[in-house]
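Single-structure report; data block below.
Readers should treat all values here as calculations from the given coordinates under stated rules, not as data from a laboratory. Just so it is clear, the model here is predicted, and its values are computed rather than measured. In this analysis, Cβ positions are derived from the backbone assuming ideal geometry, glycine residues included, and neighbour counts consider all displayed protein chains.
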Amino acid sequence: MSNSLSDVAPPSASKLRLDNVRTKVRFAEASAIVTSTVMINLLALAVPLGVLMIYDRIIPNQSLPTLAVLIFGISVIVGIDLILRLVRLSLEARVTARLDHLARIKHVEALLAQRHPTRTNMSLNDLLGKLSQSLPGRERKLLRIKCVADIPFAFAFLCVIGLITGELVLLPVGVCLIFGAWSYILAVSHRRASAKLRSTHTDKSDFVDRTFDSLAQIKSLGAEIPVLHRLSRLYERQAFRFRKQKQYSMTIGNIYSLFSQLMIGGVVVAGSFAVLEGNLSHGGLAAFTLLAGRALEPMRSVYELVVGGGQPVEKPKRNGLSKADQFDVLSGSAEKRLFKSPPEISARCTVKSESAGVVLNLDLLVASGEAVAITSAGSDGKSVLSYSLLGLVDYTGTVKFNNMPLNSSNAEAIRNEITVLGRIPQLPRGTMMDVLSWGQEERYADVRYLCHLIGLDVPVKSLPDGYNTLLGDDPTKLPNGLLQQVAIVRGLAANNKVIIVDDASLTLDASTELKFAKILKMLRKTATIIVLSDRQSLTSICDRQLLLENGQLAEAPAQKEA
């Protein structure tokens, strides 16, 4: 079973600690940010009004003392505005640091409180990368707080413009509406591009992890070219998504500059005609220009809010846990099985080689829950057959699982539900029990039972560290037969509904091979089994046998069960 959120059962003490840690913005912090934003907007409103007084009252009356006082007052306002912006920046930094700290505490405690650990090792960089995914949520909270104070003042600026200029207010209103609509469209596109980039990065990371985890098996299968081609396409797709995401993020800055220039240019031209006609004073024109430019600024905050802090924010899952306790960013999302019962496998395809021509002309039908043995004089044909069923070689024709064609879009998902037991044991790094159980505690009982059936428990218990023996550092210190037993138990413990045995008993002794055959016999009807082997102990437990000769499959005489 997968590490889904429903599998998590934090102990009561940990849950109390998580409940006591609040990651919300405090009322005092939000009030301070809103107050500083309101003061900044009020000062931005005061400066154009001061300029209006200078142009319309001070300069015509030549009141130099009053002008000096007013200029001093504007300078003080500008200084206070700078101080307020620095104070707001400091408040945002403190709030962000506190929320970041508390969010990391909650994520780490939630990870440690899981009943079932993750199936793979996680480096510090991976952990920090997963924890940083809470950044969009923090930025979104701060953006909402600022928008609460900014957006009302955008209307206030337009209202003041209307009081000063009358119907000329329609010009900045129209520009703001056009910019707002365009910004919203760009924000939605930016959000979608970020989501696709994130999804592509996840697909690429998963593929790389699986590839390097089974690199030796890939080399033994001779499938380096299809794998490299797939990896190249994933990197190419990620680069394309990254270009789209950066394009949208850079476009908004250029569009904002363009609309700012259009706003100021249009206001200057329209205001100049109004001044020449006597409908607007020089001070009104200056105030009109300053207020119109300031009214456009809150629209950019709305854009960032729609984007969601630069990354899409996923909706919380309804599982009784708080919004911040989303363990899936640390342990992986729940895996949905494609096959809840043994699937029917049909393959009608042709594999060609530039040097050898037609290598395999496959016409195979395996019923649901059937065990089929395929024998051959050599190993090359059987390997090509298994590559075809796994989608690791180029072929013409179709390979279907329950009438679902194998293609590039679902090949990875289908391969994840197929247990392949090959000639060479392929094991990841980790303790013996973690490797056997894929790091999932609910599989421990099945692993122990399988180890008993195949005779692995006795040699493992004789090791100094027993099931805590570390695998992967120096595999040569353990015999190949024991490692092959570990690989067999690991593969069968996954409880997949398709099992392909590709000469997996070559390194096993006769007694262990018989035990392995009995296990496969027990799994008949519960999984669709394809045995690629010439060993009678394995072929005799199958429902029927086929002979692979000259790239063609033909019925072979059935043998008695062992």
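Details
- Evaluating 6.51 cos²θ - 1.76 cosθ + 1.60 at θ = phi - 60° for every residue in the range 525-533, the Karplus couplings come out as 6, 9, 8, 7, 10, 10, 9, 9, 6 Hz, glycine and proline recorded as x.
- Computed 3J(HN,Hα) for the range 384-396, one whole-Hz value per residue from the Karplus formula 6.51 cos²θ - 1.76 cosθ + 1.60 where θ = phi - 60°, is 4, 5, 5, 4, 5, 5, 8, x, 9, 10, 7, 8, 10, glycine and proline marked x.
- For the peptides 259-269, 499-509, the ranking by mean Cβ contacts within 10 Å, running from highest to lowest, is 499-509, 259-269.
- If R0 equals 56 Å, the separation of the Cβ atoms of LEU463 and SER260 corresponds to a calculated FRET efficiency of about 0.20.
- Fully extending the segment from ASP203 to ASP509, taken as 0.36 nm per residue of separation minus the present Cα-Cα distance, adds 106.2 nm.
- In the range 345-556, the convex hull through the Cα atoms has an average projected area of 12.2 nm², a quarter of its surface area.
- Sequence-distant residues sharing a close amide H with LEU360 (under 5 Å, placed H): VAL351
- Taking the C-alpha atoms of the range 433-519, convex hull volume expressed per residue in Å³: 99
- Distance (nanometres) between label positions extended 7 Å along Cα→Cβ at LEU338 and ASN61: 8.4
- Extension gain, VAL38-LEU177: 0.36 nm per intervening residue step, less the Cα-Cα distance, totals 47.8 nm.
- By the compact-protein rule of thumb, 2.2 N^0.38 Å, the alpha-carbon radius of gyration of the range 371-466 corresponds to a ratio of 1.40.
- Over 24 Å (Cα to Cα) - which of LYS141/LYS244; LYS204/LYS246; LYS352/LYS521; LYS400/LYS497; LYS106/LYS141 fall in this group: LYS141/LYS244; LYS352/LYS521
- Modelled spin labels at ILE151 and GLU109, positioned 7 Å past Cα toward Cβ, are 3.4 nm from each other.
- In this label model, ILE80 and ASP363 are separated by 9.1 nm, measuring between points 7 Å along each Cα→Cβ vector.
- Contact order for the range 345-556, expressed relative to its length and based on alpha carbon pairs under 8 Å spaced 6+ residues apart, stands at 33 percent.
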